[in-house]
Amino acid sequence: MAIQFSGLASGMDTGSIIDQLMNLERIPITRLEGDKTWMNNRLSAFTELDTKLKSFLDSIDTLGDEDTLQQRSVKLSEEEHLSASVSSEALAGTSYAVEVVSLAQAQKSVTAGGFAAKDSNTFGTGTLNVTVDGTSHAIEITSENNSLEGIMQAINDADIGISTGIINVGGESTTPYRLLLSGDSVGKSFSVDATGLTGGTDDLGAVEDETGTVNPPVTKAAQAHIRVDTIDIYSDSNTVKEAIPGVTLDLLKAETDTTTQLSVDLDKSAIKENIESFAKGYNQVISFITGQSVINGEGGGLLSGDSGVNSIKRHLQSMLTSLFENSGTLTTLSQLGFETQQDGTLVVNDETLSQAVEENLGSVVSLLSGEGEKKGLAEQFSDYLESMTSSTTGMLSGRKQSINSNVKRIDSRIEIMEMRLEQRQKTLEAQFSAMETLVSGMNAQSSFLTQQMANISSITNRSNN
């Protein structure tokens, strides 16, 4: 771009004059850009409100669940022999004495003889008979898989309830490799007969016969055995689910004549926390709407005047005070200790909530989770919040579409105006340039005339002398 020196003829700073004129011309664009910024900020506020509505929805996800509202807690006198978990079916206020007599274990067996290699095809071929819980399974061994690894894989592929692996006993042995077989579940017994394999230099041998005297197992299959209040209970697993109503026991260590005291109670603190989370989620939504509707305590906030946002606030407040008729004594959320403050938020009266949970838990459950086909208040709130946060029909979806459309229209207007301003600037520059040329010409004529007048004056003076 060529360097331009403005105002050389006229003495005016024409470049500055053009810039100031263009700044005046740009005022409408500046206003449009301000409108665009405001709309984008407004969309961000709508997006944040949508996030808080979803968070509120998540916080009450289990509020209407009967099991959650009737949570039980379990306490053990010691945790060395067992652990326990509890469901709402457990009987609150009960205790049990649990003795772990023996743990459940799966059978494990290992071949008596060792082998020099695990990948050499040194075994015979034919039929390997594996008996699992009295059922015989014939596994074919061919010249392609008659190695220790091949036999291991053939048994695993048969999927008959036992798993195999290869161990290395190490030491000075020249035949360190052995086949280890394990039952897939407790109580499952098995034996392996390799007499059907002929040829080869290695013999797998028999892994436990019917009497258990040939190569007996490392561990025999056995059920778990516990005593609950002197009642003997057996299980095929170390996880025992029906020995105590609603309680699942995980057995850790067996020790006879040692009991663990287990007690079940109502988990009132967890129930209260679940209910209090409702107030927290509600307050976040209400506080945000209120804060976005004002600036410095006055009107004119980003969401001020939006009928949809105001409708959400009014609807939530209305649902908060709505009645839910049921067979219990509690019909409103206020009876659970919810108290509305002057700013619209909630506080929970702990004494009122504790009394409701202590004395009317069944009615608390009916109020929140519903009764029969009638939806409880928790589900009613969830349904409304789901409709407001729907990705297709929710509040944000409509606002986003409208705002993006307006922003796009503003961008188009700005683009057109920028093109017009660019042409306007070129016109001004041409006009001022023409003016400078004209002034320069006039200055030249003025200088010429001045010089001519000076010459005439000089001639006249010489004549008079």
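The values are calculated or read from the model by the stated rules, or taken from the named source; none is laboratory data. From a predicted model like this one, the values you see are computed outputs, not experimental measurements. Cβ placement follows ideal geometry from the backbone for every residue including glycine, while neighbour counts extend to all protein chains displayed.
Values as computed for the structure displayed
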quantity	calculated
Out of LEU262, LEU302, sole residue that is more than 30 Å from THR94 (Cβ to Cβ) and either surrounded by 15 or more Cβ atoms within 10 Å (Cβ to Cβ) or within 31 Å of the chain's Cα centre (by Cα) (or both)	LEU302
Among the candidates ARG424, ARG399, residue that is surrounded by 11 or more Cβ atoms within 10 Å (Cβ to Cβ), under 28 Å from ILE17 (Cα atoms) and in contact with a helix residue (DSSP H, G or I) (Cβ under 7 Å, 6 or more places away or on another chain)	ARG424
Inter-residue pairs, beta-carbon under 6 Å, first in a loop (DSSP other than H, G, I, E, B) and modelled with pLDDT under 90 and in segment 103-116, second surrounded by 21 or more Cβ atoms within 10 Å (Cβ to Cβ) and among the small types (Gly, Ala, Ser), 6+ apart	ALA106/GLY183; GLN107/GLY183
Search result, residues across segment 40-84 that are assigned to a helix (DSSP H, G or I), more than 25 Å from ASN274 (Cβ to Cβ) and among the charged types (D, E, K, R)	ARG42, GLU48
Matching entry among SER95, SER88 (being under 13 Å from VAL247 (Cβ atoms) and at pLDDT below 90)	SER88
Residue selected from segment 356-396 under the condition among the hydroxyl-bearing types (Ser, Thr, Tyr) and surrounded by 15 or more Cβ atoms within 10 Å (Cβ to Cβ), by the criterion farthest from LEU333 (Cα to Cα)	THR389
Positions within segment 235-249 being assigned to a strand (DSSP E or B) and either under 19 Å from THR94 (Cβ atoms) or over 40 Å from the mean Cα position of the chain (by Cα) (or both), in sequence order	VAL240, LYS241, GLU242, ALA243, ILE244, VAL247, THR248, LEU249
